[in-house]
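The block underneath contains the structure these notes are about, expressed in structure tokens.
The values are calculated or read from the model by the stated rules, or taken from the named source; none is laboratory data. Since this is a predicted model, take the numbers as computed values, not measurements. Heads up, the Cβs are rebuilt from the backbone with ideal geometry, glycines too, and the neighbour counts pull from every protein chain shown.
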Amino acid sequence: MNMKREFIVVFVCLCLAFVLIAGCTTPATTPAAQPATHAVTPAVSGVPDLVGNWSGTSRGYVDTSGYQVVDDAIQMNIVEQTDRLFKGQLFFPSNGTVKTKEFAGILGADGKTLRTVEYPGGFSDGIVISADELQLIFRDQATPSTITIDSLKRSTGSGQLATPTVQPMPDLTGKWNGTATGYIDTSGYQVTRDVVSLNVTGQTDRLFTGQVSFVMNGTLETKDFAGALDRDGKTFRTVESPDGFNDGVILSADEIELTFRDNADPSRIVIDSLKRSTATSQVATPPVLSMPGIVGNWSGISRGYMKTASGYQVIQGTMTMKVTGQTDRLFTGQVAYVVNGSPVTKDVAGVFGRNGKTIETVEYPGGFSDGVVISTDEIQLIFRDQVNTSTIAMDTFRRAT
């Protein structure tokens, strides 16, 4: 079976987009904007050295007349790292030959999580398991739609690796019904509220497949999807065919929440709140914490990589973000920056996680970000774009006084 990969990591420093994470309930309140104070940025945890050769396995699904299982070997060579930024090449089988692609990535402030982008398509979200072991979940929405769990070990690792135990995996098979609340870009981001259902038809350990049904412009649509649970057994990621992807969390045995994002036209971000159809008692949903107010002007800097003819090159610049509206966990606004000497302004829409700290955004016409609220007056996002020039960037914003 051939595996489709596009490991090209590009840091688009100058793009930022607040993606909204699908929410379970209809927002009802607008948090008040916080007064600007001096932001005290927490220290970044120890940054691991990732340079070297890594090899392992890639297991998951590729959409070839429906999602089919793939299980291949994979190699990654990280050739350069500067603090939290790194880049390299990926080697994988394709149609009987070994294919080589470039990628770029960024480590999270915790020194454990990492995100990458590939060229000409695809991106990964991963974790540093130990000094010599990584695990990535790769997704690509382009044809053929793909999701894989990539388990990699450093070739120079000393001795046998003591891989931490993977937590027991929950059983997701069955039907799930709920609501989708968020934004869709129709002459600007507009609020959308619809019903959605998920049918998980097959699961093997951490991998699962099924169909999702929803209403779009008054028409019921059904799409195939494939997913992978993270090692913690609590969070998961999916990809849909022909486009769109989700980041989800298991709230209880009978309730899950997804944040769906799609950069295809129309750009969309929604919170899908779903309950298992066979639940026999009322689901005790964990409470949503209070949301910070972020309406106002933010200014910041962007550092990362952008794909050029000579490979991924470092980029750095300034940018601004204006959050013009917020209702509970959902917000919209604009981001502005300069690319190749030309000013660019894009609409953004975003959503807070249930903890009031994590953020997901989407931009129009392309790009998405995942980030965290560092303090009342500081936000950090990791932006990725595959629609335009392959880019990945770390965008740090502070509230303008």
* Scan segment 376-390 for residues that are over 11 Å from residue 263 (Cβ atoms) and modelled with pLDDT under 95 and report the count. => 3
* To do: List every residue pair whose Cβ atoms sit under 9 Å apart, with the two residues 6 or more apart in sequence or on different chains, where the first one lies in segment 306-322 and is in contact (Cβ under 8 Å) with a residue 40 or more places away in the chain and over 13 Å from residue 103 (Cα atoms) and the second, anywhere, is buried (at least 21 other Cβ atoms within 10 Å of the Cβ) and of a type in the set (S, T, N, Q).
  => 315/302; 315/391; 316/302; 317/302; 319/302
* Asked: Which one of these does residue 325 not meet: (1) crowded, with 19+ Cβ neighbours inside 10 Å; (2) modelled with pLDDT of 95 or more?
  -> (1)
* Go over the candidates 117, 98, 62 one by one and state the one that is over 25 Å from residue 308 (Cα atoms) and β-branched (Val, Ile, Thr). => 62
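Yes/no matrix, rows are residues, columns are (1) farther than 30 Å from residue 88 by Cβ; (2) crowded, with 18+ Cβ neighbours inside 10 Å; (3) among the charged types (D, E, K, R):
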site	(1), (2), (3)
299	yes, no, no
303	no, yes, yes
320	yes, no, no
330	yes, yes, no
371	no, yes, no
398	yes, yes, yes
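Strands (runs of 3 or more DSSP E) wholly in segment 195-273 with at least 2 residues that are in contact (Cβ under 8 Å) with a residue 24 or more places away in the chain and farther than 19 Å from residue 352 by Cβ - which ones?
207-216, 219-229, 235-241
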